[in-house]
Amino acid sequence: MSIIDKAIKANHNYAKNYDPVLGERPAPKLAVVTCMDPRLSDLPGILGLPHADLDVIRTGGPAVTEDVLGELVVSTRVLGTKEILLLNHTGCGFTTFSDEELNAKLSASTGDSSPAPMRFFSYKDPEENTREQIKKVRSHPWIAKDVPVRGLIFDVETGQLREVHPTGQHATA
Ligand SMILES: [Zn+2]
């Protein structure tokens, strides 16, 4: 049985005890941009906030793409989130290759280079990545200046968060 088939089967039980209140219009308070890495999935645990408060946008890295900026505009302007958290992490898979390397590798292994060059948004340093993200989000004219934009790095070995200062220094959160 495929994993998705298992999930569909398990959903029958989930739906039996489903609380219809959960289907009401959401009112999240915090927009979180974080990596697709499963180690970042327990956000209520990592951040001590309930699922319902979190509007979660996930990409590899995470990368703050044009799409992500659009989602942050909707999150703050339409859904009403009050703060933006850019949640990076140590040990990210996107630091293990460069876009150029992965394009070359996939072109060779599949024998088809027609999608190249794809943007994978690989990066080397999570702090630098976070600072660039803060700059990108902060400079968007449709993200209100009174919405705080902060960057944290989650250490996958200790479970601790540390804050990245936009200008270079960082402090323990
Ligand atoms: Zn990652």
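When restricted to residues that are within 16 Å of the ligand (Cβ to nearest atom), surrounded by 14 or more Cβ atoms within 10 Å (Cβ to Cβ) and not aliphatic (A, V, I, L, M), region 42-64 contains 5. As a summary of the residue check, Lys135 satisfies the conditions (1) in contact with a Ser or Thr (Cβ under 9 Å, 6 or more places away or on another chain); (2) under 20 Å from Val68 (Cβ atoms); (3) open to solvent by 60 Å² or more (accessible area, probe 1.4 Å) except for the one numbered (1). Within the set of pairs 6 or more residues apart or between chains, which connect a residue that is closer than 26 Å to Glu24 by Cα inside region 51-63 to a residue that is among the hydroxyl-bearing types (Ser, Thr, Tyr) and away from the ligand (no atom under 16 Å from the Cβ) with Cβ atoms less than 8 Å apart? So the pair list comes out as Asp55/Ser75; Asp55/Thr81; Ile57/Ser75.
Against the list (1) closer than 22 Å to Pro166 by Cβ; (2) charged (D, E, K, R); (3) within 15 Å of the ligand (Cβ to nearest atom), the condition Arg39 fails is (1).
Residues in region 21-36 that are in contact (Cβ under 8 Å) with a residue 40 or more places away in the chain and open to solvent by 20 Å² or more (accessible area, probe 1.4 Å) were compared, and the one that is nearest to the ligand (Cβ to nearest atom) is Leu30. One residue stands out in region 70-122 among those that are in contact with a helix residue (DSSP H, G or I) (Cβ under 7 Å, 6 or more places away or on another chain) and away from the ligand (no atom under 14 Å from the Cβ): the one that is most open to solvent (accessible area, probe 1.4 Å), namely Arg119. Put simply, of Ser139, Ser109, Ser98 the only residue that is polar (S, T, N, Q) and closer than 19 Å to Met36 by Cβ is Ser98.
The values are calculated or read from the model by the stated rules, or taken from the named source; none is laboratory data. On a predicted model such as this, the values are computed, not experimentally measured, just so you know. Backbone-built Cβ (ideal geometry, glycine too); neighbour counts: all protein chains shown. In case anyone asks, the SASA skips ligands and DNA or RNA and just uses the protein heavy atoms, side chains included. Shrake-Rupley method; radii C 1.70, N 1.55, O 1.52, S 1.80 Å.
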